[in-house]
1. Of the peptides 57-69, 37-49, 200-212, how do they stack up when ordered by the mean number of other Cβ atoms within 10 Å, highest first?
2. Based on the mean of other Cβ atoms within 10 Å per residue, sort peptides 22-32, 138-148 so the most packed one is first.
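Where a number appears in this text, it was derived from the coordinates with a stated rule and is not lab data. What you are looking at is a predicted structure, and each value in this text was computed from that prediction instead of being measured. Glycine gets a Cβ as well: all are built from the backbone with ideal geometry, and neighbour counts include every protein chain shown.
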Amino acid sequence: MLLFVLAAIYDCLGRTPFVSLVATNLVCLGVGLFCGTLNRAIRITVGGIFEGLFFFDVPWLHTIQIFFTVVGVVMGLFSLMLLVFGFLATGATRQNIYSGTMCIMGGRLSAAFFLALTFFLNLVWVGLTSALAMAVIIYALLMSVCIWEIEDRPPYYYDNNNYCLNLSRFGIYRNFTEGIDKNALCDETELSTFCKHVRDAGPMYGLAMAGSGLIVVGTILFLLSLGSNYQRIMVSKELTEYREAVNIELRDATVLSNARSFETFQ
């Protein structure tokens, strides 16, 4: 009984694509971290800073927020698809499914397609990680401004507009209407609110970058797994042909042996 259980466990482990399983966990964890924290960070940036303090409408940031969410969900579903393919191309399952010539050809084409698509998505997520790294750098710069120029000043420093935080200081130029739009923050309360939003949004961008980095690592593991599966499916064709040749030889040898036995009996 114990040997039967151990054999079943060994067979189950032999059918499990551990690399694809780890990659799927990394991608799903990264997608959850990326979507959740990035949505929160963009809401703080748009609603709290641009619209709440500068009265600056940036609808394209809402579009980017929706786009990133869709990309993250699609990436999570794609990782599950790659996990299913990994199970089909591992161990005895591969031998049962990819046994015929057409099945082997279909498996190789599927592996090549997934390999190319995963490589493209890896480049996309590397780009997103780089963009989020820029956001983290901007957060560090803004925090240094808040610490050294705003929070470390006495209250009377802000009287008579001695200090103003202007958007043009960060390379943002726009036409604004006096009394309706704002191009600078000079009030102490507004500056404190600005620093609070920066302090809240910055770590969210950092966590989103970490989630994106997990997805990059997951896609790299998927590339390694898909390359290995492609090679194994290709070798499976040669093994299938070898088994067929051996079966033919055994069948011929059996027929010849039976014929000789019949002649000897006569």
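1. Details: 57-69: 13.2, 37-49: 19.5, 200-212: 21.2.
My ranking of the peptides, most packed first, is 200-212, 37-49, 57-69.
2. Numbers: 22-32: 21.1, 138-148: 14.5.
Output ranking for 22-32, 138-148: 22-32, 138-148.
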